[in-house]
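S.K.: Sharing a structure below in structure tokens format, with a few things to ask.
The values are calculated or read from the model by the stated rules, or taken from the named source; none is laboratory data. Worth saying up front: this structure is predicted, and the values here are computed from it rather than measured. Here the Cβ is made from the backbone with ideal geometry for all residues, glycine too, and neighbour counts use every protein chain on show. The area values use the complete protein model at the heavy-atom level, side chains included, leaving out ligands, DNA and RNA. Shrake-Rupley method; radii C 1.70, N 1.55, O 1.52, S 1.80 Å.
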Amino acid sequence: MKFFSSHKVLFGTLSLVLAVVFTTILCFFALSKTAASARRLTIVLDAGHGGVDGGVVGVTSKKKESEINLEIVFLLQKEFEEAGFNVVLTRKTEAGLYGAATTGYKKRDMNKRAEIINANFPALVISVHQNFFSMPSRRGAQVFFRIGSAQSIALANKIQASLNDMPECVKQSQALAGDYFILNCNSYPAVIVECGFLSNADDERLLLTQDYRKKLSNAILKGALSYLSSPAAAISNE
């Protein structure tokens, strides 16, 4: 009986130890998963315009800029999510963010975008637009950065370089400084990507195709990833 009792005590002790070890392992994996999730960087994608504010229109198709912006943002969302990022969109539908289309709607719309950006502490912000110019010969993608922000400049340069590498690029452009609300309303690395000129028939033709929009989104992603792996991004994310 004494021999049996000692074995019973030993078995109970071993069971308790194993239970503690098993629980510890489960907790470790749970915490690791939570920590990994917490480390996921957030990207805010902003589809410019929307609702009664359609932006510019195609010189031949008359397609609204706001529609093209949203289509490209949806492609970018998929690209970034597949790369493992958490993605937040300022605008998810054709509607604007202003509520009723009454006096002051543009200011309300922009303030709402700023609110979404600042509430999500993003690693970077990309606002998608289409360009328009009085000279129809102007074409190509152009990136704008926030004045005085080293991180914004670095991000813009990386994305511009990636866009310049596209086979469809007809002119090597440089990223430019832009004094725009969507860049100035936050302290995060933010850029505006003007994907092409809707005043140019060749750019417009490309922008109306899903294939080219996918190429654009892929080029923007590559530029953003190049920035995020650079020392400039490491400084901004400390």
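S.K.: Report the one residue of Ser173, Cys185, Ser229 whose Cα lies farthest in the direction of the positive end of the charge dipole of segment 168-238 (charges on C-beta: Lys and Arg +1, Asp and Glu -1; origin at the Cα centre).
M.R.: Ser229
S.K.: Rg to Rh ratio, segment 141-238, alpha-carbon atoms and Kirkwood radius?
M.R.: Computed over Cα atoms, the ratio is 0.99.
S.K.: Next question. When the label point is put 7 Å from the Cα of Asn218 along its Cα-to-beta-carbon vector, which residues of segment 125-143 have a backbone N closer than 19 Å?
M.R.: 141
S.K.: Straight distance only, please: which aspartates and glutamates reach the Cα of Lys92 with their own Cα at less than 13 Å, same-chain residues fewer than 8 apart left out?
M.R.: Reachable aspartates and glutamates: Asp46, Glu67, Glu71.
S.K.: What does the accessible area per residue of segment 182-238 come to in Å², with a 1.4 Å probe and no ligands, DNA or RNA counted?
M.R.: Accessible area per residue, segment 182-238: 39 Å².
S.K.: Roll a 1.4 angstrom probe over the protein heavy atoms and tell me the percent of accessible area of segment 198-238 that is carbon or sulfur.
M.R.: In segment 198-238, the share of accessible area belonging to carbon and sulfur is 54 percent.
S.K.: So which of Lys106/Lys171; Lys62/Lys158; Lys106/Lys215; Lys78/Lys112; Lys107/Lys215 end up more than 29 Å apart, counting from Cα to Cα?
M.R.: Correct reply: Lys106/Lys171; Lys62/Lys158; Lys106/Lys215; Lys107/Lys215.
S.K.: Moving on to the next point. Efficiency by 1/(1 + (r/R0)^6): what FRET value for Lys106 and Asp165, r their Cβ-Cβ distance, R0 = 41 Å, to the nearest 0.05?
M.R.: For Lys106 and Asp165, the calculated efficiency is 0.70.
S.K.: At 1.4 Å probe size, with no ligands or nucleic acids counted, give the accessible surface of Met166 in Å², nearest ten.
M.R.: 20
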